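Read-outs throughout are calculated quantities, based only on the coordinates presented, and are distinct from any laboratory measurement. Keep in mind that this is a model prediction, so the values were computed, not measured. No Cβ is skipped: glycine too gets one built from the backbone with ideal geometry, and neighbour counts run over all protein chains shown.
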């Protein structure tokens, strides 16, 4: 009787070892999957950070172009509109982005457009027809000048689209005031 019990125990031991090996294999696969996901997430965050840094080149280039504008009332095809353009649900201007001015920054394609934040062109009364810099408007009110037509008070919206080699897009917007 003792022999039968030992043989039965050997079979149970083999079954337990196989179950334990299967559990360890599944645990190892889960750990490898988690490590892979963490690496992908880290890579995506690094790519997004690099795209945001590339968008700063677009902002700086667009702002330099705004400062150099000879006539704010005349649109320049591809990058400048003298009035606010229609936007999509995300606030992105609905313009021909493939025709927008492009700057290559490393592995990124940076395109930008600029809109003067005015409803009409030409502007006759900036305070009523444009988004103006609040600080300038307050200073004008205190001095009773009420002259909102100064170029320095008008706002411009710069929208930048950064596209990487995989086609991933990062969007950034900023309001700037033209000095002058």
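Per-structure values
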| quantity | calculated |
| --- | --- |
| Whole-angstrom Cα spans of region 1-124 along principal axes, big to small | 109, 29, 20 |
| Estimated FRET transfer efficiency when R0 is 35 angstrom, pair residue 90-residue 34 (beta carbons, to 0.05) | 0.60 |
| Length released on extending from residue 175 to residue 121, taking residue separation times 0.36 nm less the Cα-Cα span | 17.5 nm |
| Quarter of the Cα convex hull surface for region 51-177, i.e. its orientation-mean projected area (nm²) | 8.1 nm² |
| Point-to-point label distance, residue 16-residue 98, nm (Cα→Cβ direction, 7 Å offset) | 6.8 nm |
| Computed FRET value (nearest 0.05) for residue 24 with residue 165, which takes r as the C-beta separation and R₀ as 35 Å | 0.30 |
